[in-house]
Amino acid sequence: MRVKSLVLAAALAIAASGAQAHDYKAGAITINHPWARATPQGATVGAGYLTLTNTGTAPDRLVGASAAAADHVELHEMSMTDGVMRMRPVKDGIELKPGQTVEFKSGAFHLMMVDLKQPLQQGQRVKGTLTFEKAGSVEVEFAVEAIGGPARPAPAMDHGH
Ligand SMILES: [Cu+2]
């Protein structure tokens, strides 16, 4: 595993974006820079991202999340099937092996904020929670960042549900 290079890449990406980094801890899990992409007026779903590191010696899993701006939050994974990018809910949570860092990003794991109560506006902070199988629940704030950027999940994308 190229854990070190992933951590470095994440650190560089945050530094380059100029966004204020913020992090949280739940037991042995470090939660780095939870953020959500700003949404256009009328959007019903938003996407959240963060980086999780398991600093402990036992495996754990992210099993749930919530956000004040959304009715509920689903853990999603994107994958290429027959040349088409699809999202689907992660059934049994996202595994975090001891020492492992998992970076949520476009084209991979993301938090899908479903049935938004209002658009996510750049500069806002959205309160939410993350729930881990062993480390329990922790309150976080998602920093809402610019709508632009590569590989933004399209609203019309097949969610498989
Ligand atoms: Cu999704």
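Key figures
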{"quantity": "Approximate spin-label separation Val138-Asp115, in nm, with each point projected 7 Å along Cα-to-Cβ", "calculated": "2.9"}
{"quantity": "Surface share of carbon and sulfur [accessible, 1.4 angstrom probe, percent] for segment 27-124", "calculated": "50"}
{"quantity": "Solvent-accessible area of Lys127 with every protein chain in place, 1.4 Å probe, in Å² to the nearest 10", "calculated": "120"}
{"quantity": "Eligible lysines near Lys25 by straight Cα distance, threshold 23 Å, same-chain separation 8 or greater", "calculated": "Lys4, Lys97, Lys105, Lys127, Lys134"}
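The values are calculated or read from the model by the stated rules, or taken from the named source; none is laboratory data. Here the structure is a predicted model, which is why all the values come from computation and not from measurement. Every residue, glycine among them, receives a Cβ derived from its backbone with ideal geometry; neighbour counts consider all protein chains shown. Heads up: the accessible areas ignore ligands, DNA and RNA and are worked out on the full protein's heavy atoms, side chains in. Shrake-Rupley method; radii C 1.70, N 1.55, O 1.52, S 1.80 Å.
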